[in-house]
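Please read the structure below before turning to the comments.
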Amino acid sequence: MFDDPSESPTERSITPADRAREKADEFRMHAELAAVFEAPRKFGAQVLSDLGAEVARDLQRTIGKVEKARLTETPVLPPDAWPDASTVLAIPKAKELSTQDYHIHRRPGEVMMARWLTGDQVETFYERLQAHFDAAVGAFREEERQSNEWKQDPATLQYLDALDKLEYRMADRYLRPIIRQHKIFVLSTQAADEMDIMHLCDYLMGMEAADVVGKASAPPEEEPTERDRAWFFKLFSLRGIVDDAESMCFFTYLQKSDEGW
């Protein structure tokens, strides 16, 4: 969920433990995407076109303001950004929007989508996040061991051992205990210049792309090209405590890559 580091793996020496941690970070980001967007398949959540233009733009501006206030080395927000963060998390109550569902505002080639969670929904999110991560890491460990253990190469064996020792508590990684104990606000992001919109909609959400981005912007039904499927994607994850309730907001900005972000 944190932004990708600017330094690429090829620019530094990678130890077996580093390799294992980098794979874990990949699985962590994929687990987040699955947990954020699976609700139509798993929980009957709806995609609602009720995020009006004014609310959507206000939300986008406020999220952007909060992101700029964030300290570069940590997703923890400074206190002067807490009022804006609290405002974002309180939008469902202020605007009478449902939690769990996905609220969308569309323009040609552009989509803003917000999903809020509160109370028990937050608990379920973290359970699903951990389950997705554990499943991915477990399957990868088994695959790597079956494919590479026979080589008996010392570096490979160290890498496999490092994979076996990986143990991520996702709630800790996402600073949940600190949020609950100290009542702080946290904002983290994940971005992709070219997200496959069909992977996001069809695979993760279990919906037709046209039902999410609109028929005019969706890839053609027959033989869509990579360019047809490519969208700029940025996910903002805001967490905190509002009115004594643990709350989350996932704000997603999508723009067709050929629209010139």
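The values are calculated or read from the model by the stated rules, or taken from the named source; none is laboratory data. Note that the coordinates shown come from a computational prediction; the quantities given were computed from them, not determined experimentally. For neighbour counting, all protein chains shown are included, and Cβ atoms are generated from backbone atoms with ideal geometry for every residue, glycine included.
Of the residues making up the range 196-232, those that are surrounded by fewer than 21 Cβ atoms within 10 Å (Cβ to Cβ), of a type outside the set (Gly, Ala, Ser) and not in a helix (DSSP H, G or I) are Asp196, Met207, Glu208, Lys215, Pro220, Glu221, Glu222, Glu223, Pro224, Thr225, Phe232. Can you name the condition, by its number, that His132 falls short on among (1) over 15 Å from the mean Cα position of the chain (by Cα); (2) at pLDDT 95 or above; (3) within 30 Å of Arg227 (Cβ to Cβ)? That leaves (1) as the condition not met. Selection of the range 112-132 for residues being of a type outside the set (D, E, K, R), within 30 Å of Lys256 (Cβ to Cβ) and part of a helix (DSSP H, G or I) yields Phe125, Leu129, His132.
For (1) of a type in the set (D, E, K, R); (2) in contact with a Gly (Cβ under 7 Å, 6 or more places away or on another chain); (3) closer than 16 Å to Arg239 by Cβ; (4) at pLDDT below 95, each residue gets a yes or a no:
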| position | (1), (2), (3), (4) |
| --- | --- |
| Ser8 | no, no, no, yes |
| Glu11 | yes, no, no, yes |
| Ile14 | no, no, no, yes |
| Asp18 | yes, no, no, yes |
| Asp25 | yes, no, no, yes |
| Val47 | no, no, no, no |
| Val66 | no, no, yes, no |
| Arg70 | yes, no, yes, yes |
| Trp82 | no, no, yes, no |
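Checking each residue in the range 52-61 for being within 20 Å of the chain's Cα centre (by Cα) and surrounded by 12 or more Cβ atoms within 10 Å (Cβ to Cβ) picks out Ala56, Leu59, Gln60.
For the range 104-119, does any single residue satisfy the condition of being in contact (Cβ under 8 Å) with a residue 60 or more places away in the chain, out of contact with any Gly (no Cβ under 7 Å at 6 or more places or on another chain), surrounded by fewer than 16 Cβ atoms within 10 Å (Cβ to Cβ) and farther than 18 Å from Val242 by Cβ? Yes, some residue in the range 104-119 is in contact (Cβ under 8 Å) with a residue 60 or more places away in the chain, out of contact with any Gly (no Cβ under 7 Å at 6 or more places or on another chain), surrounded by fewer than 16 Cβ atoms within 10 Å (Cβ to Cβ) and farther than 18 Å from Val242 by Cβ. If you check Arg141, Arg176 for being basic (Lys, Arg), surrounded by 15 or more Cβ atoms within 10 Å (Cβ to Cβ) and in contact (Cβ under 8 Å) with a residue 40 or more places away in the chain, only one passes: Arg176. It is to be established whether one or more residues within the range 62-83 are surrounded by 19 or more Cβ atoms within 10 Å (Cβ to Cβ) and more than 19 Å from the chain's Cα centre (by Cα). Yes, the range 62-83 has at least one match.
Among residues of the range 243-261 being surrounded by fewer than 20 Cβ atoms within 10 Å (Cβ to Cβ) and among the hydrophobic types (A, V, I, L, M, F, W, C), the one that is farthest from the chain's Cα centre (by Cα) is Ala245.
Modelled with pLDDT of 90 or more, within 26 Å of Val66 (Cβ to Cβ), under 17 Å from the mean Cα position of the chain (by Cα) and not basic (Lys, Arg): does that describe Tyr203? When the stated conditions are applied, Tyr203 does not pass them.
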